[in-house]
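Reading through the C-alpha cells given below for one structure.
The values are calculated or read from the model by the stated rules, or taken from the named source; none is laboratory data. Since we're looking at a predicted model, the values are computed, not measured. Cβ placement follows ideal geometry from the backbone for every residue including glycine, while neighbour counts extend to all protein chains displayed.
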Amino acid sequence: MSDLKNFFKSLNLASSTPSTKKQSYIYKREIDKFLERYFLLSVIEVMELLKIKDPIELKAIVADNKLFTVSNIYSKGQLGFPSFQFDFTDKSVRTINIKILKLASSSYENWDLAFWFNSFNNNLECSYIEAMNQPEIYEELLHAVESNLKTDIF
C-alpha cells in the first residue's frame, strides 16, 4: 500500500472527494518535510530517555502539557514525540519547551502544533524550534509566542 493510501487510512476517511484528497496530500507532504529535519521518538524511546518506568507517568507528563505527541503516520498511527522537545545531553524535557507548551497547547495540537513550532517568526528571524536552541533569546522567544497566539487567526 502506498504511503498516501496509508495516510488516508490513518485519517479514517470513509470516503474522500478530490478536494479532501488534495488537502490530505498537502498535509502529508508537510509532515514529510518536517520529518526530513526532525525525527520522532516512540513512547518506549521517550520512557528510556527520561528513565520512566510506568507509561502512566509519561501520560501524565503529556496531560500536564510538558510534552506533546503527533500521530506517526509511518507507524500505523502510533504516537511519536518530536525530537526537538528533548535535551539529549541531560536526558530531559527542555525547560523552554515546557514554557512554550503552557502558552500554545490550547491553540494547537498534534501535527498542527509541530508545524507551528517549525513556522518562521519574523521578529525572531527564525523558527520557534531554531530559537529554542538560542538560550540568549529565550525571553524574546516567549514574548514572540505570546504575541503570535494573540494575533493568530486560527
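Got a sec? Which of 106, 147, 83 is among the polar types (S, T, N, Q), farther than 18 Å from residue 43 by Cα and under 14 Å from the mean Cα position of the chain (by Cα)?
The unique qualifying residue is 106.
Only helices (runs of 4 or more DSSP H) wholly contained in the stretch 1-49 count here; list those with 3 or more residues that are modelled with pLDDT of 65 or more and within 29 Å of residue 61 (Cα to Cα).
In the stretch 1-49, 18-37, 43-49 are the helices (runs of 4 or more DSSP H) which contain 3 or more residues that are modelled with pLDDT of 65 or more and within 29 Å of residue 61 (Cα to Cα).
Go through the stretch 114-154 and report how many residues are in contact with a helix residue (DSSP H, G or I) (Cβ under 7 Å, 6 or more places away or on another chain), closer than 23 Å to residue 33 by Cβ and in contact (Cβ under 8 Å) with a residue 40 or more places away in the chain.
Count: 7.
Quick one: how many residues across the stretch 82-128 are part of a helix (DSSP H, G or I), within 17 Å of residue 139 (Cβ to Cβ) and not aliphatic (A, V, I, L, M)?
5
Can you list residue pairs whose Cβ atoms sit under 8 Å apart, with the first residue in the stretch 44-55 being under 16 Å from residue 85 (Cβ atoms) and the second being of a type in the set (Phe, Trp, Tyr)? Count only pairs 6 or more apart in sequence or on different chains.
What qualifies is 45/81; 46/81; 46/86; 49/86; 49/88.
Report the residue count in the stretch 73-86 for those that are out of contact with any helix residue (DSSP H, G or I) (no Cβ under 9 Å at 6 or more places or on another chain) and at pLDDT below 95.
Qualifying residue count, the stretch 73-86: 1.
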